[in-house]
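Inspection log for the structure reproduced underneath, given as structure tokens.
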Amino acid sequence: MLKTIIPFGPQHPVLPEPLHLKLTVEDEIITGVFPALGFVHRGLEQLVHIRDFQQMIQVVERVCGICSMIHATCYCQGIEALMEIDPPPRAKFLRTLWCEVHRIQSHLLWLGLFADCFGFESLFMQFWKIREKVLDINEATTGNRVIVSVNVIGGVRRDLSTEQMQWTCSELSWVQNEIACLKATLLSDYTVKKRTVGKGVLSKDKAFELGAVGPTARASGIAQDMRLLGYSALDQLDFEPVVETDGDCYARSKVRFQEVLQSIDLIRQAVSRMPAGEIRTKFKGRPAGEMFVRVEQPRGELFYYIKANGTKHLERLRIRTPTFANIPALLGMLPGMWLSDVPVVVLSIDPCISCTER
Amino acid sequence: MQPEIISVSADTLVGEVARAKFEGFRFVTLSCTESGGDSVDILYHFDKDLRLKHLRLSVLKCSTVPSISAVYFAAFLVENEIQDLFGVRFEGLVVDYERTLYLDPEVAFAPFCTVGAQNSNREQTVTQPGTADS
């Protein structure tokens, strides 16, 4: 059979961001994949030589808007570790709360896009309708809907009143009820299962071998969740990673769906155990030394390497985002798939090229 | 608390990485940073049961180091990134973009490597007095 090379992306109806794959196909079956990046690479890491270590919070928030809170939390934790700053307990709980709100809105965004990629427009609209409510929570509690900018070195810049936290919980109850209504459609509908079950299978061994992270790894049976490190207030909350074993697109959507409910539970726990007190620790000095920090983004493990030399500018900031780690795993999923299944499989890793091309 | 980092040489790198894989470590990523003068540090990060292991390889800028992508396939992408941004070449890369992962083919310099720029300036500074003497 004659081999044909078909370009997938960087402009494609299912891709909101520019990822390019050169697909080698034989009779519409994928036999090889070659990824190409660099269409929107911004070199944000080099801004450490222009922005000081406190201004860099605003930069890392813009690596990815969808998980800006989690980028900033990771960065602040790294600087705090270098400078031996211990944020107040209330600040840690508030960071956890907003990080989980971000996880909910990111997963809802993905669940909608995933439904859209196989043509289920009404399911897409339902998930995004729910997501609007979560963005309302962001706006009401931080003043911004997406890039919330509440992190500072040593804590957070905004506090929440008891009424605001109760209102957040009541809004999340509405979200939980609405999501429950969509569960049967997402997980039991014939057309959804037809397009997702058995597609893009990644075995547990293969996921480990290819360095998969986040829901992609957990859907293949690897109970790997950086929240188990207990950063922020997560060491005081109860949760277990959501794990599925089938390793296909269906399992990945199931993991993310369950993680929305898990995040709602974590927020309720954080609100019920929220300690009173300050939200920010004052500090003096500048960071020096090397530090490695990891947190769990909606898409998986986020890794920061920070190198500081005691001046106001960092020497090096290296950001390894989860999509970057999941691209080799994607290359392992696609061979053997029908060409028509490529959009579904690509979307199933929740690719964020904004993160990847930081 | 500063993290523990094990220093390796180019000769022992692949052996150490293979041992990490044998011990069940997951490949996390590589980080590259300038370490003063004409050298760069390449840090190799691995994870097992939420515990990180780091290796540090110090090499001269623009030198060639062995690729670990034959041991951990997932390393090919970040090794290509370091080739683009820092100018270090990886020998034995399973997928080699030849410094075009992020850069256009005509770009000759390494955008994240200020050492090269400093060297160019230094050369100019050295040659200017020579020119004056002549």
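Points worth noting:
- Residue check, A:Phe120 over 21 Å from the mean Cα position of the chain (by Cα), more than 22 Å from A:Ser272 (Cβ to Cβ), surrounded by 15 or more Cβ atoms within 10 Å (Cβ to Cβ) and touching a residue at least 12 places away in the same chain (Cβ under 8 Å): yes
- The one condition in (1) closer than 20 Å to A:Ser149 by Cα; (2) under 15 Å from the mean Cα position of the chain (by Cα); (3) in a helix (DSSP H, G or I); (4) not charged (D, E, K, R) that A:Leu111 fails to fulfil: (1)
- Among the numbered conditions (1) at the interface with chain B (Cβ under 10 Å from one of its Cβ atoms); (2) crowded, with 24+ Cβ neighbours inside 10 Å; (3) without any contact (Cβ under 8 Å) to a residue 40 or more places away in the chain; (4) not polar (S, T, N, Q), the only one that A:Arg218 does not meet is (1).
- Residue list for region A:27-61, restricted to those being away from chain B (no Cβ under 11 Å), assigned to a loop (DSSP other than H, G, I, E, B) and within 29 Å of A:Val342 (Cα to Cα): A:Asp27, A:Glu28
- Against the test of being without any contact (Cβ under 8 Å) to a residue 60 or more places away in the chain, within 14 Å of chain B (Cβ to nearest Cβ) and surrounded by fewer than 18 Cβ atoms within 10 Å (Cβ to Cβ), the options A:Asp205, A:Asp238 yield a single qualifying residue, A:Asp205.
- Odd one out for A:Glu296, checked against (1) under 15 Å from the mean Cα position of the chain (by Cα); (2) assigned to a helix (DSSP H, G or I); (3) among the charged types (D, E, K, R): (2)
- Pairs are defined by a Cβ separation below 8 Å, a sequence spacing of at least 6 or placement on different chains, a first member in region A:163-177 that is surrounded by 11 or more Cβ atoms within 10 Å (Cβ to Cβ), and a second member that is outside any helix (DSSP H, G or I); the pairs so defined are A:Met165/A:Met274; A:Thr168/A:Leu160.
- Restricting region A:247-293 to residues that are within 14 Å of chain B (Cβ to nearest Cβ), surrounded by 18 or more Cβ atoms within 10 Å (Cβ to Cβ) and not in a loop (DSSP other than H, G, I, E, B), the residue that is nearest to the chain's Cα centre (by Cα): A:Val293
- Matching residues, region A:322-334, being out of contact with any strand residue (DSSP E or B) (no Cβ under 6 Å at 6 or more places or on another chain), closer than 24 Å to A:Gln46 by Cβ and facing another protein chain (nearest Cβ under 10 Å): A:Phe324, A:Ala325
- Any hit, region A:24-39, residues being within 30 Å of A:Arg95 (Cα to Cα), touching an Asp or Glu at 6+ places or on another chain (Cβ under 9 Å) and either modelled with pLDDT under 90 or surrounded by fewer than 18 Cβ atoms within 10 Å (Cβ to Cβ) (or both): no
- All positions within region A:226-263 that are in contact with a Gly (Cβ under 8 Å, 6 or more places away or on another chain) and β-branched (Val, Ile, Thr): A:Val243, A:Thr245
- Residue that is nearest to B:Leu85 (Cα to Cα) [pool: residues in region B:52-66 that are surrounded by fewer than 18 Cβ atoms within 10 Å (Cβ to Cβ) and aliphatic (A, V, I, L, M)]: B:Leu60
- For A:Ala184, the conditions (1) over 19 Å from A:Leu347 (Cα atoms); (2) in contact with a Lys or Arg (Cβ under 9 Å, 6 or more places away or on another chain); (3) not in a loop (DSSP other than H, G, I, E, B) are fulfilled apart from (2).
- Hits in region A:223-242 - residues which are part of a loop (DSSP other than H, G, I, E, B), in contact with a Ser or Thr (Cβ under 9 Å, 6 or more places away or on another chain) and either of a type outside the set (Phe, Trp, Tyr) or at positive phi (or both): A:Ser232, A:Ala233, A:Leu237
- Pairs meeting the criteria (first residue in region B:55-82 and facing another protein chain (nearest Cβ under 8 Å), second residue of a type in the set (Lys, Arg), beta carbons under 7 Å, at least 6 apart or on different chains) are B:Tyr72/B:Lys21.
- The condition (being closer than 20 Å to A:Glu45 by Cβ and not charged (D, E, K, R)) is satisfied by just one residue among A:Ile319, A:Ile279: A:Ile319.
- Taken over region B:30-48, residues that are surrounded by fewer than 18 Cβ atoms within 10 Å (Cβ to Cβ) and modelled with pLDDT of 90 or more amount to 1.
- Qualifying positions in region B:16-41 - away from every other protein chain (no Cβ under 11 Å) and not in a helix (DSSP H, G or I): B:Glu23, B:Gly37, B:Asp38, B:Ser39
- Look at (1) within 14 Å of chain B (Cβ to nearest Cβ); (2) free of Cβ contacts under 8 Å to residues at least 40 places away in the same chain; (3) surrounded by 20 or more Cβ atoms within 10 Å (Cβ to Cβ) and you find that A:Asn309 fails only one, number (3).
- Residue list for region B:2-15, restricted to those being surrounded by fewer than 18 Cβ atoms within 10 Å (Cβ to Cβ) and either within 13 Å of chain A (Cβ to nearest Cβ) or part of a helix (DSSP H, G or I) (or both): B:Gln2, B:Pro3, B:Glu4, B:Ile5, B:Ala10, B:Asp11, B:Thr12, B:Val14, B:Gly15
The values are calculated or read from the model by the stated rules, or taken from the named source; none is laboratory data. What you are looking at is a predicted structure, and each value in this text was computed from that prediction instead of being measured. When we count neighbours, we look across all protein chains shown, and the Cβ atoms used for this are built from the backbone with ideal geometry, even at glycine.
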